[in-house]
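**Q** Sharing a structure with you now.
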Amino acid sequence: RVKTLGRNSFQFFDPEMQSSAQERLEVEKGLHQALNNHEFELWFQPQVNSADQILGAEVLLRWRHPDKGIILPGCFIHIAEESGQIVEIGNWVLLQALQQLAAWREQGLPESFKRLAINISPLQFMQVDFVDRVLEMLDQTGIPGLQIELEITENMLLNNFEIASNKMKLLKQRGISFAIDDFGTGYSSLRYLHYLPLDILKIDRSFVTGLRPSSELAAIVEVIIATADRLNLTVIAEGVETLNERSALMELGCNCFQGYLFSKPLDAKQFYQKLCASVESQLSELNNS
Ligand code: C2E
Ligand code: MG
Ligand code: MG
Ligand code: MG
């Protein structure tokens, strides 16, 4: 199959590339059916501040396969990206996320809730009609752009600073914010941080796992946070699993977190319940103090 990502994104050592051609074909067929048979679901992982308030959630795709059960994106996103199916799947994710948010807005959202963060694949972002599609979906669902954050990755920016930055500017005019995902793990230089109108920097889990104050890892994270501060970017740490990691991050000046310590990804109903419950417990704490 023809590569759709451009020559620079070819990776020989991507472990995910080791699945056989046969397996890939099966996944591709399965993905096609998944869309038609409504086998995709959105899950939501809370993002919290240092006062444990839920600021929003990252939208994470799940494939509920009729025989295999829940399949994680690590098993199929890269295949969908190469086959081009990610465009259709990604547009489905966007619309579904906006519709879910519209439903929650009707039921009532707490004031602490800021945004839903949605992952955008390189191929999806590079479609010529990407900006129009997103704006159309905002209109269709009545969601203010301010409640939407799009997560993009460093690798998608390799050759496309100018196109990427133009698209981002158009979407930012409608209030949408942009996060750089998995920061520090891609192939790009740091130069893009200066060129692109970013709002949020997500520190990759690989910098967070086992983080201890005054360690070498902490020195790197400290530089990342200082850089983000100077560029007026909000920092959020991914994959926070322990209280020690959380306190090391706080010591370094990071005050937004996402990870199993706070919550695993939840289905829509569970997430909304957790959101409401967390507001109630904050309120009763206030009343008791
Ligand atoms: P990501 O955007 O970096 O998302 C974070 C991943 O880390 C999620 O995996 C999440 O479940 C996992 N995670 C969160 N907290 C922890 C933690 O404390 N410990 C550990 N070990 N893991 C944690 P998930 O849901 O399997 O998604 C994997 C990747 O698939 C995502 O990484 C993202 O790149 C991609 N993805 C997910 N949904 C979509 C989507 O709708 N569109 C696109 N294009 N990509 C998606
Ligand atoms: Mg992400
Ligand atoms: Mg990430
Ligand atoms: Mg990650």
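**Q** Assess whether residue 172 counts as being open to solvent by 50 Å² or more (accessible area, probe 1.4 Å), away from ligand 2 (no atom under 15 Å from the Cβ) and closer than 24 Å to residue 60 by Cα.
**A** Details: open to solvent by 50 Å² or more (accessible area, probe 1.4 Å): yes; away from ligand 2 (no atom under 15 Å from the Cβ): yes; closer than 24 Å to residue 60 by Cα: yes.
Answer is yes for this residue.
**Q** Which pairs do you get when a residue that is closer than 15 Å to residue 201 by Cα, found in the stretch 114-127, comes within reach of a residue that is basic (Lys, Arg), reach meaning Cβ atoms under 9 angstrom, with the pair 6+ apart or on two chains?
**A** Cβ pairs passing all conditions: 117/202.
**Q** For the stretch 125-148, indicate whether the set of residues that are more than 14 Å from residue 167 (Cα to Cα), touching a strand residue (DSSP E or B) at 6+ places or on another chain (Cβ under 7 Å) and either within 16 Å of ligand 4 (Cβ to nearest atom) or of a type outside the set (Lys, Arg) (or both) is non-empty.
**A** yes
**Q** Just name the residue that is most open to solvent (accessible area, probe 1.4 Å) out of those in the stretch 183-203 that are in a loop (DSSP other than H, G, I, E, B) and within 16 Å of ligand 4 (Cβ to nearest atom).
**A** To start, the set of residues in the stretch 183-203 that are in a loop (DSSP other than H, G, I, E, B) comprises 184-191, 196-199.
Those still in the list that are within 16 Å of ligand 4 (Cβ to nearest atom) too: 184-188.
Numbers: 184: 43, 185: 74, 186: 27, 187: 145, 188: 30 Å².
Looking at the filtered set, the residue picked out is 187.
Here is a yes/no grid of residues against (1) within 16 Å of ligand 3 (Cβ to nearest atom); (2) assigned to a strand (DSSP E or B); (3) in contact with a strand residue (DSSP E or B) (Cβ under 8 Å, 6 or more places away or on another chain):
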{"position": "27", "(1), (2), (3)": "no, no, no"}
{"position": "48", "(1), (2), (3)": "yes, yes, yes"}
{"position": "81", "(1), (2), (3)": "yes, no, no"}
{"position": "88", "(1), (2), (3)": "no, no, no"}
{"position": "92", "(1), (2), (3)": "no, no, yes"}
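**Q** Taking residue 25 and the conditions (1) without any contact (Cβ under 8 Å) to a residue 40 or more places away in the chain; (2) more than 9 Å from ligand 1 (Cβ to nearest atom); (3) open to solvent by less than 30 Å² (accessible area, probe 1.4 Å), which numbered condition does it fall short on, given that it satisfies the others?
**A** Residue 25 satisfies all of (1) without any contact (Cβ under 8 Å) to a residue 40 or more places away in the chain; (2) more than 9 Å from ligand 1 (Cβ to nearest atom); (3) open to solvent by less than 30 Å² (accessible area, probe 1.4 Å) except (3).
**Q** Considering only residues of the stretch 37-82 that are aliphatic (A, V, I, L, M) and within 30 Å of residue 247 (Cβ to Cβ), which is surrounded by the most Cβ atoms within 10 Å (Cβ to Cβ)? Give the steps one after another, and end with the answer.
**A** Initially, the stretch 37-82 is screened for residues aliphatic (A, V, I, L, M), giving 42, 48, 51, 54-55, 57, 59-61, 70-72, 77, 79-80.
Within this subset, residues satisfying the condition of being within 30 Å of residue 247 (Cβ to Cβ) are 48, 51, 54-55, 57, 59-60, 72.
On the way: 48: 24, 51: 9, 54: 24, 55: 18, 57: 29, 59: 25, 60: 19, 72: 12.
Result: 57.
**Q** Is one or more of the residues making up the stretch 251-271 within 16 Å of ligand 4 (Cβ to nearest atom), among the aliphatic types (A, V, I, L, M) and not in a helix (DSSP H, G or I)?
**A** Yes, the stretch 251-271 contains at least one residue that is within 16 Å of ligand 4 (Cβ to nearest atom), among the aliphatic types (A, V, I, L, M) and not in a helix (DSSP H, G or I).
**Q** Inspect all residues belonging to the stretch 240-254 and state whether any of them is under 28 Å from residue 125 (Cα atoms), within 22 Å of the chain's Cα centre (by Cα) and among the small types (Gly, Ala, Ser).
**A** no
**Q** Restricting to the stretch 248-271, give me the number of residues that are open to solvent by 60 Å² or more (accessible area, probe 1.4 Å) and farther than 13 Å from residue 47 by Cα. Step through it out loud before you land on a result.
**A** Keep residues of the stretch 248-271 that are open to solvent by 60 Å² or more (accessible area, probe 1.4 Å), which gives 250-251, 255, 260, 264, 269-270.
After this cut, where a residue has to be farther than 13 Å from residue 47 by Cα as well, the list is 250-251, 269-270.
Total satisfying the criteria: 4.
**Q** Inspect all residues belonging to the stretch 15-28 and state whether any of them is among the charged types (D, E, K, R) and at pLDDT below 85. Give the derivation first.
**A** As a first pass, look at the stretch 15-28 and keep what is among the charged types (D, E, K, R): 16, 23-24, 26, 28.
Those still in the list that are at pLDDT below 85 too: 16.
Scanning the stretch 15-28, I find at least one residue that is among the charged types (D, E, K, R) and at pLDDT below 85, so the answer is yes.
**Q** Go through 180, 163 for me and flag whichever is in a strand (DSSP E or B) and either in contact with a Gly (Cβ under 9 Å, 6 or more places away or on another chain) or β-branched (Val, Ile, Thr) (or both).
**A** When all the criteria are applied, what remains is 180.
**Q** Continuing with this model, one more query. Residues in the stretch 128-151 that are within 16 Å of ligand 1 (Cβ to nearest atom), over 11 Å from residue 177 (Cα atoms) and either open to solvent by less than 10 Å² (accessible area, probe 1.4 Å) or touching a Phe, Trp or Tyr at 6+ places or on another chain (Cβ under 7 Å) (or both): how many? Break it down into steps so the answer makes sense when it comes.
**A** Step one: filter the stretch 128-151 for residues within 16 Å of ligand 1 (Cβ to nearest atom), giving 130, 133-134, 137, 148-151.
Pick out the ones that are also over 11 Å from residue 177 (Cα atoms) and you get 130, 133-134, 137.
Going one step further and asking which of them are either open to solvent by less than 10 Å² (accessible area, probe 1.4 Å) or touching a Phe, Trp or Tyr at 6+ places or on another chain (Cβ under 7 Å) (or both), we end up with 130, 134.
Count: 2.
**Q** Show the residue pairs that are 6+ apart or on different chains and have beta-carbon atoms under 6 Å apart, the first residue being within the stretch 224-235 and within 10 Å of residue 183 (Cβ to Cβ), the second being of a type in the set (Gly, Ala, Ser).
**A** From residues that are within 10 Å of residue 183 (Cβ to Cβ), the pairs are 235/228.
**Q** Which residue, of 133, 174, is part of a loop (DSSP other than H, G, I, E, B) and away from ligand 3 (no atom under 16 Å from the Cβ)?
**A** On the way: 133 fails: part of a loop (DSSP other than H, G, I, E, B).
None of the other options fit; the residue is 174.
**Q** What is the one condition in (1) in contact with a Pro (Cβ under 6 Å, 6 or more places away or on another chain); (2) closer than 24 Å to residue 101 by Cα; (3) away from ligand 3 (no atom under 16 Å from the Cβ) that residue 281 does not satisfy?
**A** The number of the failed condition is (1).
The values are calculated or read from the model by the stated rules, or taken from the named source; none is laboratory data. In this text, all values refer to a predicted model and were calculated from it rather than measured experimentally. Because the Cβ atoms are built from the backbone with ideal geometry, glycine has one as well, and the counts that use them run over all protein chains shown. Please note that ligands, DNA and RNA were not included when accessible areas were found on the heavy atoms of the full protein model with its side chains. Shrake-Rupley method; radii C 1.70, N 1.55, O 1.52, S 1.80 Å.
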